[in-house]
Amino acid sequence: MAEVAAGSGGSSSSRREEINGAGLSSMDSLESRWVFQDEDDSEIDDEEDDDDYDDAPHLAGVDSDDEDTQDQRLIRTGPRIDSFDVEALEVPGAPRSDYEDFGMGRKIVLAFQTLGVVFGDVGTSPLYTFSVMFSKAPINGNEDVIGALSLVIYTLILIPLIKYVLVVLWANDDGEGGTFALYSLICRHAKVSLLPNQLPSDARISSFRLKVPSAELERSLKIKERLETSLTLKKLLLVLVLAGTSMVIADGVVTPAMSVMSAVGGLKVGVDAIEQDEVVMISVAFLVILFSVQKFGTSKVGLAVGPALFIWFCSLAGIGIYNLLKYDTSVLKAFNPVHIYLYFKRNSVKAWYALGGCLLCATGSEAMFADLCYFSVQSIQLTFVFLVLPCLLLGYLGQAAYLINNPSGEEQPFFYSIPGGMFWPIFLVANIAALIASRTMTTATFSCIKQSAALGCFPRLKIVHTSRKFMGQIYIPVINWFLLVVCLIVVCSISSINEIGNAYGIAELGVMMMTTILVTIVMLLIWQINIVIVLSFVIFFLGLELTFFSSVLWSVTDGSWIILVFAVIMFLIMYIWNYGSKLKYETEVKQKLSMDLMRELGCNLGTIRAPGIGLVYNELAKGVPAIFGHFLTTLPAIHSMIIFVCIKYVPVPMVPQSERFLFRRVCPKSYHIFRCIARYGYKDVRKENHQTFEQLLIESIEKFIRREAQERQLESDGDEDTDNEEDTSLSRVLIAPNGSVYSLAVPLLAEFGSSSNNPISEASTSEEVTADLPVDPSISDAEHGFERELSFIRKAKESGVVYLLGHGDIRARKDSWFIKKLVINYFYAFLRKNCRRGIANLSVPHSHLMQVGMTYMV
């Protein structure tokens, strides 16, 4: 059987709920759409469904939770309906972004905040770009300066502007950006997830956005089928995502080091007595201050440094205009790309080395996408196009004009080009900008780690939400101090700006290439745009990034290998956690208790049923967990009402509160055993205390029982009206005031085949019916039974709620490979021992807790 949403039962409901949770505003909630229906519509769940008591079949035209690959055909469905809409008889619109209701004034304020949070990295790149480039390819004439400037100009136009601002920002997941947001977006449109504790109905929303068949739709279907049937491609996709995320974390280390070291390095221009060792010491002090203010939140810090960054960008533009007018306006001819060809022709290999330094002008491009959860797409685009890009271009033009007349200043061209009387004010502004704005990739790191942890690829950590209004603004204390320690190691061990710049390029290019590949998949699978455009995008940008990457890899032995090692360590942590969690979940599925055993135990479960509610926490989304048997054999009594609670994250940003819980009966009604899956999106905040959680749980289960009784009553009435009809397979329907159609009955198993082509069932309610209970035509008896069960639940609630926690650990079998023993018994065990327990989010008193441990051999 499919899971039910607080009184819901078809897997179609799960799919429709995920549509609304994803916030795909491009598809109106009342529109019909094209979906793919299995040719074999006997969509009854596989052996997993034997673990639950009620055996009502799926309705035709809805998704099944089985994993069998079947032929599909294109059909048009009715309006999307969420599980809770039947009760309210209304279809709410998809939840909108936090920023949609803002007026122009508020968007301008957001654009101002983006200066301090998103654009600090790319904004401080003029401090070091030319110095790193000319350290690898020294100036031998004016044409070298113009050629290097032309490279910088077109790198800024191609990567930050065209690729990220105009293309990648639109590949967001309901306002969420970053590598894992792309991955979750792909997982919802194709069953490619290898993450544990995920039901197919969670990841399968509506497969395609096109309303009519087309060549692009057919191509997308073939790609989707290929991704879903190939285990190798699934693993490769996950490896790419983890590699990209590890590079983002590495970027969060090297970005503050590079920005602060470059800004403080200006002291050597203003004070001759300053040496590199003093620059390193001052940089260390500044970095400690930088990471210490992270806890104050993105909004507070963004507002505080927004004015500083605004002054910084204005200073860049002012200095650039001053140098252009004073020295040489002929540098404007660098907008002619032919100078790039001439630059490579004159310098050949040295010019290729200089590509690694040229890329530094585009660092921070990924931050625009990864930090998207903090601000809206429009505010980032507006700020970059009309403020950031013009100021950066003027800044680079001014530095080039200065270098044409003063080529000896190539070591620190920015600080040397500052007019004499303005040096110290600009130096102060540059250090403030670099100090605070270098936190750009740190905030992106927090966002990516939260997403990866929610999707099962990173150990659970304490997450502090720093804004009551914007739930995406977070702070992770452990990661913050961990990044500080590694950043200090990098600064102290690699004191050269050129070597840090090379490490910077490695981290930045790694995540850029992963983003290019994932966005290409989004274009093919979800956007379904012309194949020529897709090929042009991937060939051009991936080829460009591989060219840059070949340049930085050539110099990896100069100390930048530290960043590669750090990225590999983070990748292994994520991969080991995902691998161990997947093994643990699969083992729990295999060892779950059979329903035959539950029936043999009887309604008392072979023990004494004491008044109260027992919430059995486990990670199993289907079936009775094996650890429940330990509770039965260990405890002298068990609670009169048992609810198996599985808190899990689904690949959507947010799940509406009304759709939070999925319920169903696990055993016959007299057992009083239910399963509840509390679903959260990776952007959701779990701040409710245990009393609030209990209240929501009880209210939802009452709704489930109430709607179950109402449907039985309506089904019973319908049976009386159709006693003489031969075809009883057609579902009776209810027409809502908004015109939506709801099914009010479920055909019998024997009649399911004949109803498989009934189009009305496509808009069916997700209500699940307990098939074994007899249908009593007496409405009064049904009402009495309903009231008795509600009264039983209230009395159990009054007796108290106890949290029964099952901690399942895994150990490798003795005959396992040595590597598996090492990974599972030591590395994964260490991560699991030191990660945050899932129950920690509910602040449950110890007097209400009862824990039992169990070890699985894998």
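Summing charges over all other residues whose Cβ lies under 15 Å from the Cβ of Val248, with Lys and Arg as +1 and Asp and Glu as -1, gives -4.
What's the local net charge at Leu553, with K and R +1, D and E -1, over the other residues with C-beta under 15 Å away? Neighbour charge sum, excluding Leu553 itself: -3. For region 337-395, the solvent-accessible area of protein heavy atoms averages 30 Å² per residue (probe radius 1.4 Å; ligands and nucleic acids excluded).
Here the relative contact order of region 470-567, from alpha carbon pairs under 8 Å that lie six or more residues apart, stands at 43 percent.
How many Å² of accessible area per residue for region 518-607, probe 1.4 Å? Walk me through the intermediate numbers first.
Numbers: 4120 Å² over 90 residues.
That works out to 46 Å² for each residue.
Within region 232-348, what whole-number % of the accessible surface is contributed by carbon and sulfur, with the 1.4 Å probe and all protein chains included in the calculation? Carbon with sulfur: 70 percent of the solvent-accessible area. For the residue pairs Lys268/Lys345; Lys703/Lys833; Lys326/Lys350; Lys191/Lys462; Lys191/Lys584, alpha carbon separations beyond 32 Å are given by Lys268/Lys345; Lys703/Lys833.
Projecting the Cα positions of Tyr322, Asn405, Pro390 onto the charge dipole of region 295-434 (unit charges on Cβ atoms of Lys, Arg, Asp and Glu, taken about the Cα centre) puts Asn405 furthest along the positive direction. Rounded to the nearest 20, the size of the Cβ-charge dipole of region 571-634 about its Cα centre is 60 debye, with Lys and Arg at +1 and Asp and Glu at -1.
Note on exposure: Phe335, Phe375 ranked by accessible area (1.4 Å probe, complete protein assembly) read Phe335, Phe375, with the most exposed listed first.
In terms of overall dimensions, the C-alpha atoms belonging to region 462-601 reach 72, 47, 39 Å along their principal axes, ordered largest to smallest.
The values are calculated or read from the model by the stated rules, or taken from the named source; none is laboratory data. What you are looking at is a predicted structure, and each value in this text was computed from that prediction instead of being measured. Positions of Cβ are backbone-derived with ideal geometry, glycine not excepted, and every protein chain shown enters the neighbour counts. Calculation scope for accessible area: heavy atoms of the full protein, side chains included, ligands and nucleic acids excluded. Shrake-Rupley method; radii C 1.70, N 1.55, O 1.52, S 1.80 Å.
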